[in-house]
1. Any idea what angle helix 9-18 forms with the longest principal axis of the chain, computed on alpha-carbon atoms, 0 to 90 degrees, nearest 10?
2. What's the ranking of 73-83, 40-50 by average number of surrounding C-beta atoms within 10 Å, highest first?
3. What spacing in nm lies between the two simple spin-label points modelled at THR22 and ASP36, each 7 Å away from Cα in the Cβ direction?
4. Identify which of the listed values of semi-axes √(5λ) of the Cα gyration tensor in Å was calculated from the structure shown: (i) 25, 14, 11; (ii) 42, 31, 9; (iii) 18, 16, 13.
5. Considering only PRO10, LEU82, VAL52, whose Cα is most displaced toward the positive end of the charge dipole of the range 8-83, charges sitting on Cβ of Lys, Arg (+1) and Asp, Glu (-1)?
6. Once you list every other residue whose beta carbon is under 15 Å from the beta carbon of LEU57, what net charge do they have if Lys and Arg are +1 and Asp and Glu are -1?
7. For LEU19, LEU57, what ranking results if the residue with the fewest other Cβ atoms within 10 Å of its Cβ goes first?
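Coordinate-derived values only; no laboratory data. No experiment lies behind these values; they were computed from the predicted model shown. For neighbour counting, all protein chains shown are included, and Cβ atoms are generated from backbone atoms with ideal geometry for every residue, glycine included.
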Amino acid sequence: MVIARNVVGPKIRARRCQLKLTQAMLAARCRRLGWDISRETLAKIEAQFRWVSDFELLCLAMALNTTVSELLPSMDQASALLKKTFGKLATE
C-alpha cells in the first residue's frame, strides 16, 4: 500500500496545467528562484512520491504565482485526509 508523501502534488499539477506550463518550464522557474530542481523531481512531487519541505513549497507557490494556502487542502478536506493517512500508517 503506497501512502502519499505530500498533500500538494495534485494542486501543483492542476495550477501548472492551468498556467499551461510543462514540468520542465516550472522546474526552470524554480531554478530561477534558487532551487535546483529537475523535471523528474517535480514529476515525483506531483505524483505524491516525494516529500516537499516548507522552503520548497514556498518556491513552488512563487513559481506558480499563487499562495501556499492555495496549494494546501481546505480545512474540510484536511480532516478526512489526515484520518485516511494516519489510519493507513497505523495498520502497517
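1. Between helix and principal axis, roughly 40 degrees.
2. 40-50, 73-83
3. Those two pseudo-labels are separated by 2.3 nm.
4. (i)
5. So the residue we want is PRO10.
6. Values: positive: ARG5, LYS11, ARG13, ARG15, ARG16, ARG29, LYS44, ARG50; negative: GLU46, ASP54, GLU56, GLU70.
Once all neighbours under 15 Å are counted, the net charge is +4.
7. Going from least to most buried by this count: LEU19, LEU57.
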